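Let me begin by presenting the structure, written as structure tokens, before commenting on it.
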Amino acid sequence: MSHAELRRCLELTEDDVRIRIRAQPGARRSQIVGWHSDANNPNQSLELKVKVQAPPIDGAANEALLELLGESLGIAPSHLQLVRGEKSRSKIFSITPARGCTSQQLFEKILESLSLAISADP
């Protein structure tokens, strides 16, 4: 996945970086696998496709997504928050920068981390 495609999954704001996720709970293995787009609406923003082993029961899949994103991006869980899609496959997470880091610096770090995470998975 190119940086241009990854940028379509992300939104940079003054206070945070928003990332659009397409979750697939109940998978064999937890991993970031690429992107998801709506074939009927090609101009729509892309969603990062993420598989998690946890089932979509009692928030277990959302917790697994937070853990996987934190690990993959090298970001403390306290900087990640689900802001939309608690009971949906389409989700938006907010990622706030650590002290001394700007949203732009965080955005660039996320791009690089996601590129590595996707290229590392078979």
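Nothing in this text is a laboratory measurement; each read-out follows from the coordinates by a stated rule. Quantities reported herein were computed from a predicted structural model and do not represent experimental measurements. Note: ideal-geometry Cβ built from the backbone for every residue, glycine included; neighbour counts use all protein chains shown.
Counting charges near GLY59 (Lys, Arg +1; Asp, Glu -1) among other residues having Cβ under 13 Å from its Cβ returns a value of -2.
Mean silhouette area of the stretch 11-80, derived from the convex hull of its C-alpha atoms and averaged over all directions, reads 5.7 nm². Calculated mean residue ellipticity at 222 nm for the chain: -9500 deg cm²/dmol, from DSSP H runs with n ≥ 4 weighted as -39500 (n - 2.57), summed, divided by the residue count and rounded to 500.
A straight Cα-to-Cα reach below 14 Å connects LYS49 with the aspartates and glutamates GLU5, ASP38, ASP121, residues fewer than 8 places away in its own chain not being considered. Extent along the principal axes, Cα only, for the stretch 3-120: 37, 32, 28 Å, with the longest axis given first.
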